[in-house]
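First up is the structure itself, then whatever we jot down about it.
The values are calculated or read from the model by the stated rules, or taken from the named source; none is laboratory data. Just so it is clear, the model here is predicted, and its values are computed rather than measured. FYI the Cβ positions are ideal-geometry reconstructions off the backbone, even for glycines, and counts take in every protein chain you see.
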Amino acid sequence: MSHMGHSVSGLRYYPEPWDGRSNDFSVDQHASDVVAFIGKLNIGKVHLLGHSRGGDVVLRVANQRADLIKTLILEDASGFDKLLSESPDSLSLSGARDILARNLATGNRELAAQEYFTTTQGPGTWAKRSAEEKQLFFDNVGTVMTPEERKSVTTCDQIAKYDFPILLLTAERSPKRYGQA
């Protein structure tokens, strides 16, 4: 999120990493935190952007408090995957997340990252990442959502009730979640 030129992380523990033990680190909790943050700003309706898991967070914000949203921007967003037809790419991404979770359970984060990036972006892509990109991945990898958390809570009926525009963004090298060629 950004307010008057300042970026703000939507994750509850930023900049310290989540300890992996507390039970207050969830997509629903992040959405509630964002709702509370917007309320504290007291600026009325906002333009809300969500990328990847953040897309699921902002969709849940819209489901909780659509009255706070001026526009919703979703970049490579999760959160409504179940509303879309299953494509080989969407199934591959879901499978890659499951493989990542299993590999992380073994404690070998480097192997987990390598296999995840090979599955989602092709062979050799992990090795091409800079040290900073690898560290960013490791900083966030412990927060991989469980399959239960990844289930969509946004329905077509909910989206039809929104009175604001939604912009979906993706890029040439983005995961092909939504059936684009």
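Looking across L41, L68, one residue alone is hydrophobic (A, V, I, L, M, F, W, C) and surrounded by fewer than 16 Cβ atoms within 10 Å (Cβ to Cβ). It is L41.
Screening A77 on (1) within 18 Å of S26 (Cα to Cα); (2) part of a loop (DSSP other than H, G, I, E, B); (3) at pLDDT below 75 shows it passes everything except condition (3). Within segment 93-117, if we keep just the residues that are polar (S, T, N, Q) and touching a Lys or Arg at 6+ places or on another chain (Cβ under 9 Å), the residue that is surrounded by the most Cβ atoms within 10 Å (Cβ to Cβ) turns out to be N103. From the list I43, I38, the lone residue that is among the β-branched types (V, I, T), assigned to a helix (DSSP H, G or I) and modelled with pLDDT of 80 or more is I38.
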